[in-house]
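Below is one structure; the comments refer to it alone.
The values are calculated or read from the model by the stated rules, or taken from the named source; none is laboratory data. What you see is a predicted model; the values in this text were computed from it and never measured. Methodologically, a virtual Cβ is constructed for each residue, glycine included, from the backbone with ideal geometry; neighbour enumeration extends over all protein chains shown.
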Amino acid sequence: MLDRDILAGYAISTEERDPHESVIQVTRESLPAAARTLASVPGTVLTNVTGLDDRPLGRGFRVLFSFSLPGERFVTLSANLPADAPRY
């Protein structure tokens, strides 16, 4: 798949939720570059940026960048952020 190929250098893991939706886990350090790479695909649009507070679950924070790609594909980049340094 296109998104997997161009993001292979950034991906920690990939979850295929259905044939049209993928969630790709990346490091917080690589999130900006992975987002720029995905956004460079013609016809790709950043549709949503979400921040989640996972501290009640014993974790830090999480940031999600969701993209719409041509062909009714959706890709979300997900990065975990430590509670004491929630930056990317």
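Data for the structure
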{"quantity": "Unique match (being under 11 Å from the mean Cα position of the chain (by Cα) and not hydroxyl-bearing (Ser, Thr, Tyr)) among ALA35, ALA83, ALA39, ALA8", "calculated": "ALA35"}
{"quantity": "Residues that are outside any strand (DSSP E or B) and over 19 Å from ALA83 (Cβ atoms), drawn from region 60-71", "calculated": "PRO70, GLY71"}
{"quantity": "Every pair of residues 6+ apart whose Cβ atoms lie under 8 Å, when the first sits in region 1-26 and is exposed (fewer than 11 other Cβ atoms within 10 Å of the Cβ) and of a type in the set (Val, Ile, Thr) while the second is modelled with pLDDT of 90 or more and not in a helix (DSSP H, G or I)", "calculated": "none"}
{"quantity": "The lone exception for SER68 - which of (1) more than 20 Å from GLU21 (Cα to Cα); (2) touching a residue at least 24 places away in the same chain (Cβ under 8 Å); (3) surrounded by fewer than 18 Cβ atoms within 10 Å (Cβ to Cβ) it fails", "calculated": "(1)"}
{"quantity": "Positions within region 30-59 being part of a helix (DSSP H, G or I), of a type in the set (A, V, I, L, M, F, W, C) and in contact (Cβ under 8 Å) with a residue 24 or more places away in the chain, in sequence order", "calculated": "LEU31, ALA34, ALA35, LEU38, ALA39"}
{"quantity": "Any hit, region 34-48, residues being at pLDDT 95 or above, buried (at least 18 other Cβ atoms within 10 Å of the Cβ) and touching an Asp or Glu at 6+ places or on another chain (Cβ under 6 Å)", "calculated": "no"}
